[in-house]
Amino acid sequence: MIVYLNGQYIPRRQAFIDVDDRGFLFADGIYEVVHSYEGHLFQIDAHLQRMEHGLRSLRIAADDLGSLLRSVREVAERLLVENDLTSGEATVYIQITRGSAPRTHAFPPAGTPPTVYVAATRYVPQRTQAEEGIAVILVPDTRWVRCDIKSVALLPNVLARQRAIEAGVADAVFVRDGVALEGTSSNFFGVFDGKVVTAPKTNYILPGITRQVVLGLCADLGVPVREAPILEHQLDEAEELFLTSTIMEIRPIVRLNGRPVGTGAPGPVTRRIQKAFRELVSDFKGGASV
C-alpha cells in the first residue's frame, strides 16, 4: 500500500512519524474519512470544509489552509489510483497534526510544519447490518464539549465502542444531561409520529456529512424533519431509530438497551431514506452531479 506522509508517496511500512509529533503526544490534530465509490470521492467538498473548520478551531496551519486543503484533495485522488482503488468502494483517511516540536503544552514556534498523513484502503460494505438493522446501547457522554471538531482525541469513543462490543451489540449512543446525542462514530436519528428528528448542530455533536445528506433527502422525499433534542425518556416512543455516517451510510437500529425499537425491524421511513441514498450514490458513480 502506498501512503502519503509530509510530501512523499511511500510504502506504508516506510511511513514513520517523529516521537515528538504533537498528534502522538497530545492528540493535537484532526482527521477526516472520505468514502470513495468507483474511484470518486463522495461529498469531498463537504469533508474538506469540515476539516477547515477543525483546523481553524485548533489554529493549525491557519495561514495556508487553502493550498493545504487543495493539496490534500489531489493526494487523496492520486492514492486511489496508486493503490488500484478506482473500482468498488474504498475509504481515504486524512490526518493533520500540529507537527513535531519539543514536548510542551504551548504551541510550537510559528513556522513549525504540520504533519500530513493520507491513506486509501479497500472497503467492503456490511450490507447485512444495513438490511437487518443493529442493536445498540446507551452510554454516558464523557467527551469534551467541542464534539463539532473532528479531533483525533477519541478515547471516550473507543471506550464506548468497546463497552458495546462487550455487551454483544454493534454500537453505543452517547447520552448527555438526558439527551441522546450521537453514536461513537455516527449521528443519531429517531422517527416520531412519522417525523424524522435529530439533534441540532451544536458543539455537542459532529456535523456529519451523511447527516446533512440525509436531511436533504428527507426534504426531497417530503419527509418532515425537526432538528431538536431527543430525550432519553422519549426513546421508548420512537417508531424507528437509525445511525448515519460516511462509512455505514444509513444503519437501522432495531434494538436499544435490549428492547425492540418499534416493530423490531427496520421501519418504512428508514427504508425510504436508505433507498434514496443508494440512488444518490448510484447517480454519483455514474457521473451525475450530487
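All of the numbers you see were taken from the coordinates with simple rules; none came from a lab. Note that the structure is a prediction, hence the values are computed from the model and not measured. Quick reminder, even Gly has a Cβ in these numbers, built from the backbone with ideal geometry, and neighbours come from all protein chains shown.
Against the chain, whose longest principal axis is taken from its Cα atoms, helix 65-82 shows a tilt of about 80°.
A simple rule links phi to the HN-Hα coupling: the Karplus curve 6.51 cos²θ - 1.76 cosθ + 1.60 with θ = phi - 60°, which for region 142-150 gives 9, 6, 6, 8, 10, 5, 6, 9, 7 Hz, with x for Gly and Pro. Magnitude of the charge dipole for region 2-122, about its Cα centre and with charges confined to Cβ atoms of Lys, Arg (+1) and Asp, Glu (-1), is about 280 debye. Here the chain is assigned +1 on the Cβ of each Lys and Arg and -1 on the Cβ of each Asp and Glu. Its dipole about the Cα centre then comes out at about 280 debye. Qualifying chymotrypsin sites (Phe, Trp or Tyr not before Pro) in region 88-173, where qualification requires a DSSP coil assignment and no more than 15 other C-beta atoms within 10 Å, comprise Trp144. Couplings 3J(HN,Hα) for region 226-241, derived from phi with the Karplus relation 6.51 cos²θ - 1.76 cosθ + 1.60 (θ = phi - 60°), are 9, 8, 7, x, 9, 6, 4, 6, 8, 5, 5, 8, 5, 6, 8, 9 Hz, where x marks Gly and Pro.
Computed 3J(HN,Hα) for region 42-58, one whole-Hz value per residue from the Karplus formula 6.51 cos²θ - 1.76 cosθ + 1.60 where θ = phi - 60°, is 6, 6, 4, 4, 5, 5, 5, 5, 5, 4, 4, 4, x, 5, 5, 5, 8, glycine and proline marked x.
In a reduced charge model with +1 at each Lys and Arg Cβ and -1 at each Asp and Glu Cβ, region 127-285 shows a dipole moment near 380 debye about its Cα centre. Working note: Cα atoms of region 2-122, range along each principal axis, descending, whole Å: 45, 31, 20. Comparing Val214, Val179, Val19 in a Gaussian network model of the chain where C-alpha atoms under 10 Å apart are linked, the largest mean-square fluctuation is found at Val19. Here region 219-252 and region 4-70 have alpha carbon centers that stand 30 Å from each other. Principal axis extents of the C-alpha atoms in region 127-285 (largest first, rounded to whole Å): 37, 32, 28. Put simply, the amide H of Leu138, placed in the peptide plane, has neighbours under 5 Å in Val173, Asn257, leaving out anything fewer than 5 places away on its chain. Taking 0.36 nm per residue of separation and subtracting the current Cα-Cα distance, fully stretching the chain between Gln212 and Asn6 would add 71.0 nm. Normalised by the number of residues in the chain, the mean separation of alpha-carbon contacts (under 8 Å, six or more apart) gives a relative contact order of 17 percent. The helix-based estimate of mean residue ellipticity at 222 nm for the chain, built from -39,500 (n - 2.57) per DSSP H run of four or more residues and divided by its residue count, is -9500 deg cm²/dmol to the nearest 500. When the chain is described by a simple charge dipole with +1 on each Lys and Arg Cβ and -1 on each Asp and Glu Cβ, the residue from Leu215, Ser245, Ser100 located farthest towards its positive end is Ser100. Across region 95-213, Cα-Cα pairs farther apart than 16 Å form 71% of the total.
For the chain, the longest principal axis of the C-alpha atoms and the axis of helix 209-221 are separated by about 40°. Calculate how steeply helix 268-285 sits against the longest principal axis of the alpha-carbon atoms of the chain, using the helix alpha-carbon long axis, and give the answer as 0 to 90 degrees to the nearest 10. Tilt of helix 268-285: around 40 degrees. Expressed per residue, the C-alpha convex hull volume of the chain stands at 134 Å³. Taking 7 Å steps out from each Cα toward its Cβ at Lys285 and Trp144 produces label points 3.9 nm apart.
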